[in-house]
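Here's the structure, in structure tokens; my notes come after.
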Amino acid sequence: MNNQKNSCIKSSVSYPRLNLKKTRTFSVRSRKNLVTIDNLATPDGTGCLNNKFPEMDELADRIFEARKNGKPVIWFMGAHVIKCGLSRYVIELLERNVITHIAGNGAVGIHDFELAFLGGTSEYVPTAIEDGTFGMWEETGKWMNEAIRKGFNRGMGYGESLAVYMEENISRFPYHDDCIMYRAYKKKIPATYHVTIGTDIIHQHPYADFSATGGASGIDFSIFCSSVSRMDGGVFLNFGSAVTGPEVFLKALSISRNQGYGVEKITTANFDIIPLGDYRNKGPKETFHYFYRPLKNIVDRPTSLGGKGFYMEGNHTETIPDLFTRLVRKMPNR
């Protein structure tokens, strides 16, 4: 009886809230962009291989074997893959049927979406944060939040909502051919976005609907879990996502095993610029290497039942073209 009574008690505390609807926005058309369509790198697969990555060939072999056997290759990334001008590398691997699932944090979706309609993305933050203009871009915030709300109301996840919005308003997106999520959608390959409320510029906008944002990203998580559940013999790659990628992957893997999916023999690889030295020997707990989340949750823990984990240290502008070239040489036909 007491438990039932206590469950009905409501808090009498009223905490102050800032009215987010009062946020002012500005047209993104006037913004200077650090990344543009004109400076995207175009892959051709003829580059020289880099001796800095001695384990890259083994990783490429494992990706090749996974796809030859019809197993998933999941590509999770942070926004710097796009900010480094490497979107076309990812798109080409989608077109070659190497990547079977694209995933990222919320910022990945934003930069990809902006490139598609604006032909540019990535503002200069140091000065924008001083006057309160950082991230307050009318078109980006309004269109993305509108897309997410509409899509979620139709039962779609976050990534599909954005891609369908682009499809239905294609004239607004003259650069859609260089949009990763849109090209994945056209190939019927899932693109999922795993959002933390408050981390993305579109959450600053008066149009933000956090119920739709959370709900749509939740649908994407279930889609991601489905891909992970089929990953025995497959590959998980994480590019520069130091928190979201490792955490989302480990939870999806736990859910898959909890539900009886035999996800044991897997290959994982984390790509980052953090120097870990002999990363297979983490050393004592006093070192920061021991606590580096991607090392634990991507390279080590997921492969304890079989398979192998890799750590590739280097800038994305070096590691992604190198991996791409090795893969193209192994599977030259699109």
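The values are calculated or read from the model by the stated rules, or taken from the named source; none is laboratory data. Since the model is a prediction, treat every value here as computed from it, not as a measurement. We place every Cβ from the backbone using ideal geometry, glycine too, and count neighbours over all the protein chains shown.
Per-structure values
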| quantity | calculated |
| --- | --- |
| Residue ID - surrounded by the fewest Cβ atoms within 10 Å (Cβ to Cβ), chosen from residues in segment 245-286 that are at pLDDT 95 or above and hydroxyl-bearing (Ser, Thr, Tyr) | Ser254 |
| Segment 274-297 residues that are closer than 16 Å to Gly240 by Cβ, paired with ones that are modelled with pLDDT under 90 and polar (S, T, N, Q) (beta carbon under 9 Å, 6 or more apart) | none |
| Restricting segment 29-41 to residues that are at pLDDT below 95 and part of a loop (DSSP other than H, G, I, E, B), the residue that is surrounded by the fewest Cβ atoms within 10 Å (Cβ to Cβ) | Lys32 |
| Unmet criterion (only one of (1) surrounded by fewer than 23 Cβ atoms within 10 Å (Cβ to Cβ); (2) within 19 Å of the chain's Cα centre (by Cα)) for Glu114 | (1) |
| Residues of segment 212-253 classified as more than 20 Å from Lys71 (Cβ to Cβ) and either among the basic types (Lys, Arg) or more than 13 Å from the chain's Cα centre (by Cα) (or both), total | 9 |
| Pairs where the first residue, in segment 9-24, is under 30 Å from Glu138 (Cβ atoms) and the second is of a type in the set (S, T, N, Q) and modelled with pLDDT of 90 or more, C-beta under 8 Å, 6+ apart | Leu20/Gln204; Thr23/Gln204 |
| Selection from segment 73-100 of residues that are over 19 Å from Pro321 (Cβ atoms) and in contact with a His (Cβ under 6 Å, 6 or more places away or on another chain) | Ile74 |
| Check on Ala184, assigned to a helix (DSSP H, G or I), among the aliphatic types (A, V, I, L, M) and touching a Phe, Trp or Tyr at 6+ places or on another chain (Cβ under 6 Å) | no |
| Enumeration of residues in segment 80-93 that are touching a helix residue (DSSP H, G or I) at 6+ places or on another chain (Cβ under 6 Å) and closer than 17 Å to Tyr185 by Cβ | Ile82, Ser87, Val90, Ile91 |
| Check on Gly159, in contact with a Phe, Trp or Tyr (Cβ under 6 Å, 6 or more places away or on another chain) and among the small types (Gly, Ala, Ser) | yes |
| In segment 63-78, residue nearest to the chain's Cα centre (by Cα) [restricted to those that are buried (at least 23 other Cβ atoms within 10 Å of the Cβ) and of a type in the set (A, V, I, L, M)] | Met77 |
| Cβ-Cβ under 6 Å pairs, at least 6 apart or on other chains, segment 302-329 side closer than 21 Å to Glu65 by Cβ, far side surrounded by fewer than 22 Cβ atoms within 10 Å (Cβ to Cβ) and among the basic types (Lys, Arg) | Gly306/Lys265; Gly307/Lys265 |
| Among (1) farther than 21 Å from Asn105 by Cβ; (2) among the hydroxyl-bearing types (Ser, Thr, Tyr); (3) surrounded by 15 or more Cβ atoms within 10 Å (Cβ to Cβ), the one test that Thr127 misses | (3) |
| Pairs where the first residue, in segment 182-209, is in contact (Cβ under 8 Å) with a residue 40 or more places away in the chain and the second is polar (S, T, N, Q) and surrounded by fewer than 18 Cβ atoms within 10 Å (Cβ to Cβ), C-beta under 7 Å, 6+ apart | Gln204/Thr23; His205/Thr23; Pro206/Thr23 |
| Residue check for Gly119: modelled with pLDDT under 95, surrounded by fewer than 19 Cβ atoms within 10 Å (Cβ to Cβ) and more than 29 Å from Ala66 (Cα to Cα) | no |
| Helices (runs of 4 or more DSSP H) (entirely within segment 49-158) containing at least 3 residues that are of a type in the set (A, V, I, L, M) | 56-68, 87-95, 106-118, 125-131, 138-153 |
